[in-house]
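The values are calculated or read from the model by the stated rules, or taken from the named source; none is laboratory data. Computed from a predicted model, the values in this text were never measured in an experiment. In this analysis, Cβ positions are derived from the backbone assuming ideal geometry, glycine residues included, and neighbour counts consider all displayed protein chains. SASA here: full protein model, heavy atoms, side chains in, ligands and nucleic acids out. Shrake-Rupley method; radii C 1.70, N 1.55, O 1.52, S 1.80 Å.
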Amino acid sequence: MSMATTRYTTTAIALHWLVALLIFAAFPLGLIMSDMPLSPLKLKLISYHKWLGVTVFLLVLARLAWRAVHTPPPLPETIPAWQRSAAQALHYLLYLLLFAIPLSGWLMSSAKGFQTVYLGVLPLPDLIGKDKALGDALREVHEMLNFGLLALLFGHIAAALKHQFIDRNGVLARMLPFLDKEPS
Amino acid sequence: MMIRLLTALALLACGTANAAEFGALQADKSTLAFVSKQMGVPVEGAFRKFTAQIRIDPARPEAGHARIDIDLAGSDAGSAEANDEVKGKSWFNVREFPTASFVSSSVKTLGGGRFEASGKMTIKGKSLEMRAPFTLRQERGALILDGTFPLKRLDYGIGSGVWGDTSVVADEVQIKFHFTLK
Ligand code: HEM
């Protein structure tokens, strides 16, 4: 089997880790800022959170577009069928949440009457008008989707570590920018 | 006889002047709003409780007069959290300064259907000269005044201390008024 078919493309790897890094920042930032009392710092953090989130949204759209035209490398033969289906389902759910979470944040902001201006320069259109009840509901949705994401990420990371350290089947290396040797 | 005639004429003149003057505020069709900029994002707010005593004759706007009193505890700054915050000491300090007011001293015609009221704006015990341009429009027996003008919040010490950081909340706030008179 050639290298090209056992590893993800460099673009897919770069997008995967960039998104992971940004979520790793946006998630705790979201938790911290929503518990803070109103202050200039809170307003700044909310803006940074929104910018990070919109960046994730754009990168996820790029990932989905890339994914649509690049089939991932097939999994090693040793992996049982149920694990393959589980992995695929988990990956689709992750894509769904990565799309829905920023979208819910964007809509929530509009409903709360605080437009999103990306990086302080590019105003995103308000797809819905100001509506307090809807804003509160979308906040709940944003929060619930995030806790869903947290749970899925635990599964995702646990599975990756299991492949690496228990099964030792080289699945993790397919998505790493280093360790790009064929599994022995 | 002459005196009586003059008095009658004077009364008549007053009568016609009064007939063209508008002075009854239609509270349900009048708003006093503001737009602040937070992290570069315009955020709408409103003064929900205010009284406006305005007398203006569209034929002679220069003779008009206005007095606006705002009950600052009724300020809507865009969210429940912000509404609590703006009542506090570093913003409006409503406990010490419950009302803000604008009292006009003159009205000038700018041309092109535009006018400008000058007067004193008092907020947090501080009075400054202020100019508010506006337009007049008559619609179904009512006179509508519309105007927008910028106010520098820090001139009045609104949002002092940590909130003085204008990169978070801009100094300039747009005040928008829409008064319907009958
Ligand atoms: C990858 C993308 C994102 C992640 C992982 C994320 C995560 C979170 C988390 C964990 C919270 C705290 C929820 C809570 O406990 O209340 C939060 C809150 C929030 N998020 Fe996001 N978010 C993302 C994208 C966005 C976007 C794109 C926007 C807006 C454009 C946004 C706007 C907000 C706002 C305004 C809050 C605070 C809600 C409040 O306290 O009222 N988020 N986010």
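Assorted remarks:
- Percent carbon-and-sulfur accessible area, chain A, ignoring ligands, DNA and RNA, probe 1.4 Å: 73 percent
- Largest first and in whole Å, the equivalent-ellipsoid semi-axes of the range A:3-179 read 34, 16, 15, each the square root of five times a Cα gyration tensor eigenvalue.
- Degrees, to the nearest 10: A:40-69 long Cα axis against longest axis of chain A: 40 degrees
- Accessible area expressed per residue, the range A:3-179, with surrounding protein chains retained (probe 1.4 Å, Å²): 56 Å²
- Relative to the longest principal axis of the Cα atoms of chain B, the long axis of helix B:2-20 lies at roughly 40 degrees.
- Take the range B:58-181 with all the other protein chains still there, run a 1.4 Å probe, and you get 48 Å² of accessible area per residue.
- A helix-only calculation puts chain A at -23500 deg cm²/dmol for mean residue ellipticity at 222 nm, using -39500 (n - 2.57) for each DSSP H run of at least four residues, averaged over all residues.
- Percent RCO, i.e. relative contact order, over the range A:3-179, from Cα pairs under 8 Å lying at least 6 residues apart: 24 percent
- Net charge contributed by nearby residues that have their C-beta within less than 10 Å of A:S110 (K/R +1, D/E -1): 0
- Heavy-atom accessible surface of chain B: percent carbon and sulfur, 1.4 Å: 58 percent
- With the simple model of a label 7 Å out from the Cα in the direction of the Cβ, A:L21 to A:L122 spans 1.9 nm.
- Look at the alpha carbon pairs under 8 Å that are at least 6 residues apart: their mean separation over the length of the range B:21-181 gives a relative contact order of 26 percent.
- Each residue of the range A:71-77 was assigned a 3J(HN,Hα) from its phi angle through the Karplus curve 6.51 cos²θ - 1.76 cosθ + 1.60 (θ = phi - 60°); the sequence is 6, x, x, x, 6, x, 4 Hz, with glycine and proline shown as x.
- Label-point separation, A:A89 to B:S167 (7 Å along Cα→Cβ), nm: 4.9 nm
- Neighbour net charge for A:L75 - beta-carbon separation under 10 angstrom, K R +1, D E -1: +1
- Summed over both chains, the contact between A and B buries some 1300 Å² of accessible surface at a probe radius of 1.4 Å.
- Taking the C-alpha atoms only, the angle from helix A:132-162 to the longest principal axis of chain A is near 20 degrees.
- Just so you know, the Rg over Rh for the protein assembly as shown is 1.21, from Cα atoms, with Rh as the Kirkwood radius.
- Spin-label pair B:A27/A:K130, simplified geometry with 7 Å Cα→Cβ offset, distance in nm: 2.1 nm
- Mean partner shielding of peptide B:36-44, defined as the number of other chain Cβ atoms within 10 Å of each residue Cβ, is 6.
- Ratio of the Cα radius of gyration of the range A:68-107 to 2.2 N^0.38 Å, where N counts its residues: 1.54
- Peptide B:77-88 is shielded by partner chain Cβ atoms: per residue, an average of 2 of them sit within 10 Å of its Cβ.
- Approximate shape of the range B:21-181 as ellipsoid semi-axes (Cα gyration tensor, √5λ), whole Å, largest first: 28, 15, 15
- Taken about its Cα centre, chain A carries a charge dipole of roughly 200 debye when the Cβ of each Lys and Arg holds +1 and the Cβ of each Asp and Glu holds -1.
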